[in-house]
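A.B. asks: Take this structure, written in structure tokens, and hold onto it; I'll ask about it next.
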Amino acid sequence: MIEIAEKEISLDRMIQRARRNEAGAVVSFLGTVRDDGIEGMEVEAFRDAALSELEAIRLEAMSRFSLTAAEVAHRTGSLAVGESIVAIVCSAAHREEAFSGCRYILEELKSRAPLWKKEISAEGGRWVEGHGR
């Protein structure tokens, strides 16, 4: 499942969807807005292109790491410090595949998906450069 939305991410629901009887590992990653001197963040997406690219990344990870499931959710809109930005859940027969799949999805998402973050501070806003951009 791939999702891009303004609503809060339900990591519990993602984990439940990723559980499989043949999976001995379910790995999750939750990226949040950290307090590094900012007041919040604006996240924008070229929605259709981002959904397509995230699905391609998900399918690559499923094949490459023998995942039994992979879930990706990314937020857009105005986010406060502490709120979630992205969640990834991967399941596989073994933990190494689940961890590797989760890391792969995160790194590819950051370099390939048309998603942009603008940090908001008292001095104004600043677009955050992603990997490969």
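The values are calculated or read from the model by the stated rules, or taken from the named source; none is laboratory data. Note that the coordinates shown come from a computational prediction; the quantities given were computed from them, not determined experimentally. Here Cβ is always computed from backbone atoms with ideal geometry, including for glycine, and neighbour counts include all displayed protein chains. Note: accessible area is taken over every heavy atom of the protein model, side chains too, but ligands, DNA and RNA are not part of it. Shrake-Rupley method; radii C 1.70, N 1.55, O 1.52, S 1.80 Å.
A.B. asks: Do we have Glu42 as in contact with an Asp or Glu (Cβ under 9 Å, 6 or more places away or on another chain), at pLDDT 95 or above and assigned to a strand (DSSP E or B) here?
C.D. replies: Answer is yes for this residue.
A.B. asks: Which members of the stretch 45-60 meet the condition of being part of a helix (DSSP H, G or I) and surrounded by 15 or more Cβ atoms within 10 Å (Cβ to Cβ)?
C.D. replies: Within the stretch 45-60, Ala50, Leu51, Glu53, Leu54, Ile57, Arg58, Glu60 meet the criteria.
A.B. asks: Still on this structure: Would you confirm whether any residue within the stretch 98-117 is at pLDDT 95 or above, in contact with a Ser or Thr (Cβ under 8 Å, 6 or more places away or on another chain), over 16 Å from Val33 (Cβ atoms) and of a type in the set (Ser, Thr, Tyr)?
C.D. replies: Within the stretch 98-117, not a single residue is at pLDDT 95 or above, in contact with a Ser or Thr (Cβ under 8 Å, 6 or more places away or on another chain), over 16 Å from Val33 (Cβ atoms) and of a type in the set (Ser, Thr, Tyr).
A.B. asks: Hey, another quick one. Looking only at residues that are part of a strand (DSSP E or B) and not small (Gly, Ala, Ser) in the stretch 66-80, which one is most open to solvent (accessible area, probe 1.4 Å)?
C.D. replies: Within the stretch 66-80, the match that is most open to solvent (accessible area, probe 1.4 Å) is Thr68.
A.B. asks: While we're on this one: Please pick out the residue among Ala56, Ala49, Ala45 that is of a type outside the set (Val, Ile, Thr) and either in contact with a helix residue (DSSP H, G or I) (Cβ under 8 Å, 6 or more places away or on another chain) or within 28 Å of Glu22 (Cα to Cα) (or both).
C.D. replies: That would be Ala56, the only listed residue that is of a type outside the set (Val, Ile, Thr) and either in contact with a helix residue (DSSP H, G or I) (Cβ under 8 Å, 6 or more places away or on another chain) or within 28 Å of Glu22 (Cα to Cα) (or both).
A.B. asks: Name the residue that is most open to solvent (accessible area, probe 1.4 Å), counting only residues in the stretch 105-133 that are within 11 Å of the chain's Cα centre (by Cα) and not acidic (Asp, Glu).
C.D. replies: This residue is Lys110.
A.B. asks: Residue by residue through the stretch 6-29, note down the ones that are open to solvent by 80 Å² or more (accessible area, probe 1.4 Å) and under 18 Å from Ser84 (Cα atoms).
C.D. replies: Glu6, Lys7, Glu8, Asp12, Arg13, listed by residue number.
A.B. asks: Mind checking whether some residue in the stretch 13-31 is of a type in the set (Ser, Thr, Tyr) and out of contact with any Leu (no Cβ under 8 Å at 6 or more places or on another chain)?
C.D. replies: No, that holds for no residue.
A.B. asks: Just to be sure before I move on: is Glu3 open to solvent by 30 Å² or more (accessible area, probe 1.4 Å), assigned to a strand (DSSP E or B), touching a Gly at 6+ places or on another chain (Cβ under 9 Å) and touching a residue at least 60 places away in the same chain (Cβ under 8 Å) in the structure I sent?
C.D. replies: In short, no.
A.B. asks: In the stretch 89-99, which residue that is in a helix (DSSP H, G or I) and open to solvent by 30 Å² or more (accessible area, probe 1.4 Å) is nearest to Leu67 (Cα to Cα)?
C.D. replies: Only one residue tops the list, namely Glu97.
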